[in-house]
Structure formats: C-alpha cells, structure tokens
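Below: one structure, written as structure tokens.
Just so you know, all these numbers are worked out from the coordinates, no wet-lab data involved. No experiment lies behind these values; they were computed from the predicted model shown. Reconstructed Cβ throughout: ideal geometry from the backbone, glycine too, with neighbour counts over all protein chains shown.
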Ligand SMILES: *Cc1c(COP(=O)(O)O)cnc(C)c1O
C-alpha cells in the first residue's frame with residue numbers, strides 16, 4: 001500500500017537540533033533563556049507592526065492570558081466565534097466567564113461582523129453590560145473581515161483577542177493577522193503552521209502589555225527577595241528547549257506558507273470543473289496560509305458506500321492519541337456531517353488518506369448547551385457539508401494528485 005497521507009504533519013527545517021544542543025550545552029533547560037528571547041525576537045520580526053510577542057506553553061494558554069489581561073472575570077460575557085476549535089472558548093470558562101457565540105458569514109467562514117454588532121446591542125439591552133472581549137478566529141488560516149470587526153469593537157470600546165492559532169502568516173490587505181486586535185494568539189502545536197512540539201505565543205500591542213503577560217505566565221511573582229504573591233498567576237512560559245525548535249522552524253515558516261498555498265492552488269484547479277465539490281477559496285485582498293485546505297460536498301453529490309457511513313461507532317476521537325479521549329460514544333448526534341461527507345472520509349481513510357470533518361460549531365456542542373448563541377445557520381450548514389484535506393509541507397505534489405484522484409474515483 002502507498003504511504004499514509006496525514007492531514008498536517010510537522011516538518012523540521014534541519015537546524016532545530018543546533019538550537020536544542022545550544023540549550024543543553026549552556027544548561028538553559030528552563031522556561032526562559034536565550035532561545036526563548038531569540039524566538040520571541042524572530043516572531044516580532046515576522047508579525048511586524050511594532051508588536052511585542054510573548055512565547056507561551058500553548059495557544060490555549062495564550063487565549064487564557066489575553067482574556068485575563070482584558071479583565072475578563074467571573075460572570076462576564078465574552079463574544080466568541082462559534083465556528084472554531086474548543087481552545088478559543090474553553091479559557092473563557094476557566095475564568096468563570098460565559099462564552100456568547102457569534103456565527104460566521106458564508107464568504108470566509110469567520111465571525112459575521114453584522115451579527116457581532118447585533119449581539120453586542122442585544123447583550124447590552126438584556127444584561128445592562130457590555131461583553132468584556134471579542135474573539136474572532138481565522139478558521140483553517142482564512143483571513144476574516146477583521147477591518148469591519150475592529151471598527152465595531154472600537155465604536156463600542158470592547159477589546160479584541162484575535163485567535164490566529166491556525167492563521168500564522170495569513171494576511172489581510174498585506175497585514176499579518178493577529179496584529180489588528182489588542183492581542184493575537186499563535187499556536188505551535190504539532191500540527192500547526194510551525195511547531196515547538198507544543199507551544200504558543202501572544203502578540204501584544206506594547207512592551208508594557210508583554211511584561212504583564214510574562215508576569216502572569218510566571219506565577220505572578222512580585223519584586224521581593226522572597227516569593228511574594230498579590231495576584232493569582234500561571235506556569236505558562238515556553239521551555240528554552242522547545243523555543244530552540246521554534247527558532248529552527250522560523251527559518252522555514254515562509255516556505256511552509258508557500259507550500260500550503262501551492263497545494264491550495266492545486267486543489268482549487270482540480271475541483272474547479274467538478275460538479276458538487278467546491279474549494280473554499282480566499283477573498284481578493286486576503287492571503288490565507290491555507291493551513292488546512294477545505295472543500296464542501298453538495299448534499300446531492302453521491303459517494304460510494306454511503307450505506308457504510310455511521311454504520312459503526314468510532315473508536316477514539318479526532319486527533320486524539322490512545323488514552324486521552326473517552327470511548328463508547330454512540331453513532332449519531334443531533335448535528336453531524338452528511339452521509340456523503342462521512343462516506344468520503346471513510347473511503348479516503350481506507351486508501352491511506354486522512355481527512356477530517358470541519359470543526360463542529362461550539363453552539364452545537366453539548367458542553368455549551370446552556371450558552372447564548374447568535375446563530376444564522378452558516379456554521380451549522382457548513383459543518384454538514386465540509387471536509388478538511390491533507391495540507392502542508394509533508395504533502396507532495398504526487399500525494400495531492402493521489403488525493404484528488406481518490407476523491408473523484410469515490411464519486412458515484
Ligand atoms: C490549535 C488552536 C488553538 C490552541 O492552540 P494549542 O497550542 O493547541 O493550545 C486555539 N485556537 C484555535 C482555533 C486552534 O486551532
């Protein structure tokens with residue numbers, strides 16, 4: 001059988017080991033040191049706009065600390081894009097606050113600015129208070145309508161935390177996403193645009209804001225010769241060893257983006273003439289990193305073995321290593337991909353090609369059943385028809401051809 005093709009695998013530049021060795025040779029094996037400083041400097045240069053960047057243990061930690069710095073606390077409401085990965089929303093609950101979900105517009109699949117403004121006004125009318133923060137997301141790396149979102153945020157004076165965990169290096173009219181809001185989140189998990197094995201960063205608007213985040217990220221220690229604590233902190237800094245991987249990865253980030261974009265162009269061209277398969281493309285003026293290339297399958301499109309879709313309960317969960325997910329799920333939920341999408345996923349899987357449904361909107365997740373949502377049906381409809389395809393530097397041109405051929409062969 002041909003080699004298995006994965007959704008998005010890490011790709012090393014070759015000089016990560018040099019920086020890791022430097023960390024060992026100099027005994028800097030703690031969550032600070034020369035690699036952390038140099039990695040942050042690389043990131044600051046990459047995002048530009050005079051921003052300051054703090055390296056952290058994960059993207060989730062970056063979301064958490066950004067919300068904390070925005071003053072989010074118990075009982076507060078945070079407006080967050082519903083169409084996202086749970087790491088955008090879970091930290092809201094860590095702070096005792098409530099996520100209020102805002103649906104997407106159909107063009108970029110990201111936060112709908114008009115719905116955002118409706119939500120702000122409705123929350124003020126119903127609670128007498130403004131939401132504490134707005135969290136738009138760049139789903140699959142796709143730039144959203146950030147200018148319109150920032151205009152609304154400024155008008156209502158609500159801080160913005162851009163979740164650019166999937167959008168590292170994507171651009172909106174030339175400017176890197178994550179640099180528009182008060183804070184911007186990056187992730188260096190194993191499957192993102194670059195990796196530090198696990199890690200993340202927070203883009204901050206000033207050195208002062210960066211220092212405050214660093215303080216929170218190192219247990220909020222006060223300036224005394226002994227441990228003095230006047231606030232609750234976290235242990236969220238990035239290890240100097242992991243930062244070494246990050247430094248190596250920063251030498252190939254632009255190559256990675258170019259490769260993801262080349263694959264996107266290939267998929268776009270390959271599906272252009274296929275009735276019922278639509279490639280999710282960027283809008284003009286926007287430049288996606290195409291972290292994951294995505295397509296939608298028309299409900300009327302028929303795929304081989306549709307009768308086998310949802311025939312068996314899944315063992316394990318999406319992206320979960322053995323032992324970290326709960327098993328024993330039932331076959332169906334009240335909101336799931338159409339049978340042709342699930343059949344395509346299973347068929348591709350049997351041919352050694354990993355694909356994945358779109359992220360299930362948070363307002364449809366049982367864990368958020370009680371949360372308020374401003375829904376327009378867009379993310380729910382997309383979830384039913386969408387599929388993520390293998391993307392990234394480990395997917396060769398031959399692989400891409402094999403993937404497209406397999407998909408076309410699976411049509412009835
Ligand atoms: C991956 C991801 C994160 C969090 O990143 P981790 O580094 O995995 O904690 C946050 N938001 C989105 C949308 C993501 O995809």
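Observations
- Flag if residue 38 is more than 16 Å from the ligand (Cβ to nearest atom) and closer than 29 Å to residue 206 by Cα: yes
- The set of residues in region 155-169 that are free of Cβ contacts under 8 Å to residues at least 40 places away in the same chain, within 15 Å of the ligand (Cβ to nearest atom) and at positive phi is empty.
- All conditions in (1) assigned to a helix (DSSP H, G or I); (2) touching a strand residue (DSSP E or B) at 6+ places or on another chain (Cβ under 6 Å); (3) in contact (Cβ under 8 Å) with a residue 40 or more places away in the chain hold for residue 55, with the sole exception of (1).
- Residue among 90, 64, 11 that alone is farther than 24 Å from residue 292 by Cα and either more than 14 Å from the ligand (Cβ to nearest atom) or surrounded by 14 or more Cβ atoms within 10 Å (Cβ to Cβ) (or both): 64
- When residues in region 334-358 are screened for being assigned to a helix (DSSP H, G or I) and in contact (Cβ under 8 Å) with a residue 12 or more places away in the chain, 10 of them pass.
- Of all residues making up region 121-137, the number that are free of Cβ contacts under 8 Å to residues at least 60 places away in the same chain and under 13 Å from the mean Cα position of the chain (by Cα): 2
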